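Presented below is the structure to which this report refers.
The values are calculated or read from the model by the stated rules, or taken from the named source; none is laboratory data. Keep in mind it's a predicted model, so treat the numbers as computed, not measured. Positions of Cβ are generated from backbone atoms using ideal geometry, with glycine treated the same way; all protein chains shown enter the neighbour counts. These accessible areas exclude ligands, DNA and RNA; they are computed on the full protein's heavy atoms, side chains included. Shrake-Rupley method; radii C 1.70, N 1.55, O 1.52, S 1.80 Å.
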Amino acid sequence: MASLVLGIAGSAIGPSIFGAGFSLFGASITGAEIGGAIGTLIGTELDNLIAPGTHIARTSPRLTDINIQASLEGAPIPRVYGRVRVAGQLLWATQFKETIVKSQQNGGGKGGQGVTIDETDYKYSISFAVGLCAGVVTKIGRVWADGNLIDISQFTTRFYPGDEAQTFDPLIVEVEGGGNTPAYRGLSYIVFEDMDLTNFGNRIPQLNFEIIRSLSANNPDALENRLGGVALIPGAGEFVYATEVVTADNGQGTTTPQNAHNASGVADYTASLDELQALAPNVSAVSLVVGWFGDDLRCGETLIKPGVEIAKKDTYPEIWKVDGVARNAA
């Protein structure tokens, strides 16, 4: 403020002190310009003495209430067969948990005087249970939050398949007490513990679940229960049978998974075997089909070789190689 006031005052009294001005290196400088510059310089020094730095406090929005999914009393409980996408019903939820995150940033300024910014952010999380369907469920497949596919392995969850022997959830017991906690026997449900709501607008997202329930759960003569071995396909692909996720550098500072195209965040091979075990529990042998490539349509002339999709690709943590043949030679 002092620099502004003294700059104006210097411009007013400059002509009486320095006259009309003078010429310097071919440029004409007026007395008002000289007086204004001197006044601004003195005012800046006074500002620095009075307030050495600028301090700004910022606070993010804070919740006074939380919007949660509707829980309708008397809503029908679906009975699922095969593979069905359901929304479920909110069975139970805690109060939202508030976490205060404070940080401080120092910005630059003229004369070495910095601007200090205090940031106060509020993060929210909540624990809740969602009822899915009646009867015993084989497994949960994909999960969507607000219409977007998510990996629930990033959250702390507990899945109850819906049998008559399932026990009480320990978190619900801890919050509600043993005498007030149902086991929801005969109802399949899932519990999310301390779910971070930052990416969902500080509310429980609209969740949808792909429920997988084998049609042969109670039929020992059903095809799924009689299967003893299967062939695993497709066999064409650079890392289709890798047991860990392999990524490739796309040249833009990020990586792209080569063999993880499922909601579980694991290798496709691992996800496929997990689902196979769940749906066909008596399978004891799996034949791996491997795709090779020939360079001629005539059986007597063709040479069988391994092949790659792209001749140059940086992959981690595994690199492509078959029987000593590297990618650039395939």
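What to note about this one:
- Loop-located trypsin sites (Lys or Arg not before Pro) in the stretch 167-249 (DSSP state not H, G, I, E or B) with no more than 15 neighbouring Cβ atoms inside 10 Å: Arg185.
- Computed from label points 7 Å out along Cα-Cβ, the spacing between Ala231 and Leu303 is 2.8 nm.
- FRET E, pair Glu275, Ala165, Förster distance 30 Å, beta-carbon r, rounded to 0.05: 0.80
- Computed from point charges on the beta carbon alone (+1 for Lys and Arg, -1 for Asp and Glu), the dipole magnitude for the stretch 267-330 about its Cα centre is near 220 Debye.
- Cβ-derived FRET efficiency at R0 25 Å, Val136 paired with Asn180, nearest 0.05: 0.50
- Cα-centred dipole magnitude for the stretch 210-330, charges only on beta-carbon of K, R (+1) and D, E (-1), debye, nearest 20: 120
- Surface share of carbon and sulfur [accessible, 1.4 angstrom probe, percent] for the stretch 119-203: 46
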